[in-house]
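The values are calculated or read from the model by the stated rules, or taken from the named source; none is laboratory data. Just so you know, these numbers come straight off a predicted model, no measurement behind them. Cβ atoms come from the backbone with ideal geometry, glycine included; neighbour counts cover every protein chain shown. For accessibility, only protein heavy atoms count, side chains too; no ligands or nucleic acids. Shrake-Rupley method; radii C 1.70, N 1.55, O 1.52, S 1.80 Å.
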Amino acid sequence: MNPLFLPATRQVDVYEYLQVTIRFGHPVADPFRSVQVTGILTPPSRSSGTRGRSEDLTVLGFCDSQDGSVHRIRFLPTMPGLYDYAITVHHEGDEALYAGRFEAVSARHRGLLRVDPEHPWHFLWSGTGEHFFWNATTSYLMAGNSEEGIAAAIARLAAKKINRIRVSLCPSRQKDGGRWYEPQVIPREDFTYCYGPWLSARPESVEDPGWDVTRFDVAYWQKFERLLAHARAHDMIVSVIFFTDARELQNYPFDREKIGDDPDERRYYAYAAARLAAFSNVEWCLTNEWALFRPDEWADVIGPYLSECDPYGHLMSIHGHERFPYRTSEWADFAMFQRWDEHGGYDFMLKNRQEQAATGRPMPQINEEYGYEDHYPGQWGEARAYPARSADTRRRLAWEITMAGGYQTTGESAANGLGGWINGRGDDSMTMLDGYAHLYDFFTGFDWWKLEPRPDLAHGALCLAEPGQRYIVYLPQGGSATLQAAPGSYRASWFNPRTGTTRALPDATFPGWTCPPAPDTDDWALHLERR
C-alpha cells in the first residue's frame, strides 16, 4: 500500500477545516470496513470547549468514493496558530503514515455553538462570544430537495431570522406526506422522499429499499455537506437528526435486539462524525422520538460513542416526548421535549426548568415540537383536532416558552403543498416566521440571558427579570398586572409582538408604580429597564 497524501492548503481560517485527500490509485474492496484512517491533531495550545479532552485530538477519516479509491480526513482549528497533524492509514494489515503542518488564521467566524458556562440555561458562539437566541424551525427532508431548492430554502429561512434548522440524515421514506397527514406534499422533479445514507437495491421503494448498511451512498453525503455549507454561510446551525420515524424497518435497518452495540449502527454514527464534525455549524440529535423504537439505555450507549467520535464536542441531545431522562448524562448538552399545543407552553417549560435545576446541572430547555402551523392530525387520538394551530397561536406559545426561560422550535404550514415543516420550502404567502422574527428582535435587543423566570413578581402575567435592572412582563390577553420591582426609576414601554413596534410610556418609579392596561386585548409585552 502506497497511498498519495494531498493536503488541500497550508493555511485556513479558524473554524474552517483543512482537508487532506488520500488516493489509493485503484479501487478498494469493502472500503467502508476494510480501511481505517485516523489523524492526531496537535493545536497550538489546549482548545477550549472540548469537554475535557486531551490537548491532542483524535480525528477520524472517511471513504469519499464509491469504489474506495479516495479517502479524506478533515481537521478543524478552533484557535489561531500552527497545528501539527499525523495521519495513519490501515488496510488489510498494511500501514501508511503521513505528517504535516498548517496555519490557522483568525477570521472572526462565529465558530462552534456552546452552552454558556456562566449562564448555562443559554448558548453562545465560541468564536466571538456572542450569545445565541435559539430561533429554530423543522425541515426534516430538506436534503430531498434539489440543490437549488436547498440553497433557496436556507436563504429564505435565514432572511426570516431562523438560525437553526432540523434536518434528517436518514429521513422518513414515504410516497407522499400522508404518513404525516400532509398528503399534498408530493414527490416531484425537484423533491423526493426516497433517499438515504446507504446504497439500496431498490432506490425508489418506500417500504423495502433494500439498504446495504455496509456501503454508504457517497453522493448523498456530499450533497448533505453542501447543505451544511449553505447553512454555515448564513451562520445557521443544522441539527443533524440520525433517524426519523424509525419504527419502520426502512427507516432503521439495524438489529433492534442490540442496545447500541450493533457494529453497522456504530459505523453509521462514526462515519457521520468523520464527515460532518469538521463543519462548525453542526449539532447532533441522536434520533427523533427514541421512545418509539429504542429503550432509554440505548441513548446512554450511543451518546457517549458519538461523543468519542467527535473530537470537537459539538452540542448533542435527543428528541423525545414529555420526559427527558438524560438530565445528568454527560453526553447530553441540553434537554429537548415534544409537547404539543397549550400543554407545552409556559407551565410545562417552567416545570422542566425547575426539575433540571434540582439536579444541580442547569442546561438549556427546548420544546422542539409543539404543533405545526395548519396541521390537524385528529387521527392521533386527541380529544379534538386542534383547528387553532395557526401562525398566531404558535407564535403565542413561543412567547410562553421564552418567558419560562426556555427555547422553542417551530414549523411552517405544509398545507399549500410547498413543503413547510417537511422540507423547509415556502414562499411570500407564508408569513408565520415574521412573528417569530419580532420575538427574536425584541429579546436580542438586550441581555436576555441574564433574565430569570419570576412568576412571583407579576400577578396576572408572565415575568422574566434581572431584579433591579430589567423586567419583561407578558400579557397573553392584554389587561394589566401587578408588578413587584426593586425601588428605582425605570424606562417603560409596550412592545407589540404582532407588529414588532414599541410604544413609549412615562418612566416607572417604584415603589408605588401601577402598570397601565395594555393598549388592547391582544398579547403585549411590557419592558422596564432601570435608568
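Taken per residue, the accessible surface of the range 113-160 reaches 29 Å², heavy atoms only and a 1.4 Å probe. The fraction of Cα-Cα pairs per 20 angstrom bin, counted from 0 for the chain, comes to 21, 53, 23, 3, 0 percent, rounded to whole percents. Within the range 209-249, the ratio Rg/Rh, alpha carbon atoms throughout and Rh by Kirkwood, equals 1.07. Over the C-alpha trace of the range 388-531, radius of gyration and Dmax come out as 16.4, 55 angstrom.
Ligands, DNA and RNA left out, the accessible area of the range 195-244 computed with a 1.4 Å probe is 49% carbon and sulfur.
Quick check: the distance between the Cα centres of the range 8-43 and the range 410-448, to the nearest angstrom? Cα centroid to Cα centroid, the span is 38 Å.
For the range 400-416, list residues with backbone N below 15 Å from a point placed 7 Å from the Cα of His234 toward its Cβ? Zone members listed by number: 410-412. Ellipsoid fit via the Cα gyration tensor, the range 213-342: semi-axes of 22, 19, 15 Å, each the root of five times an eigenvalue, largest first. Just give me a number: lysine pairs in the chain, eight or more positions apart or cross-chain, with C-alpha atoms less than 27 Å apart. Step by step, the pairs that qualify in the chain add up to 6. For the pair the range 472-502 and the range 112-180, the centres of their Cα atoms are 31 angstrom apart. Once you have the Kirkwood Rh of the range 222-291 from its Cα pairs, apply Stokes-Einstein at 20 °C and 1.002 mPa s and quote D in µm²/s. Using the Kirkwood radius from Cα pairs, D works out to 161 µm²/s. Divide the volume of the convex hull around the Cα atoms of the range 162-273 by the residue count and you get 124 Å³ per residue.
Distance between the 7 Å Cα→Cβ label points at Ala99 and His26: 2.9 nm. If R0 equals 60 Å, the separation of the Cβ atoms of Asp427 and Asn2 corresponds to a calculated FRET efficiency of about 0.65. Potential lengthening of the chain between Thr214 and Thr482 amounts to 90.1 nm, from the contour at 0.36 nm per residue minus the alpha-carbon distance. Peptides 483-495, 304-316 ranked from most to least packed, by the mean per-residue count of other Cβ atoms within 10 Å: 304-316, 483-495.
For the chain, averaging the sequence separation of C-alpha pairs within contact (under 8 Å, six or more residues apart) and dividing by the residue count gives a relative contact order of 12 percent. The equivalent ellipsoid of the range 453-495 has semi-axes of 16, 12, 9 Å, largest first, where each one is the square root of 5 times an eigenvalue of the Cα gyration tensor. Rounded to the nearest 0.05, what FRET efficiency do Glu297 and Gln36 have when you use their Cβ-Cβ distance and R0 = 30 Å? Computed FRET efficiency for Glu297 and Gln36: 0.60. Here the convex hull built on the C-alpha positions of the range 1-130 has a volume of 120 cubic angstrom per residue. Taking each DSSP H run with n ≥ 4 as -39500 (n - 2.57) and averaging over every residue of the chain yields -6000 deg cm²/dmol at 222 nm.
Note on the chain: antiparallel DSSP beta bridges, both residues inside, total approximately 75 percent of the bridges counted.
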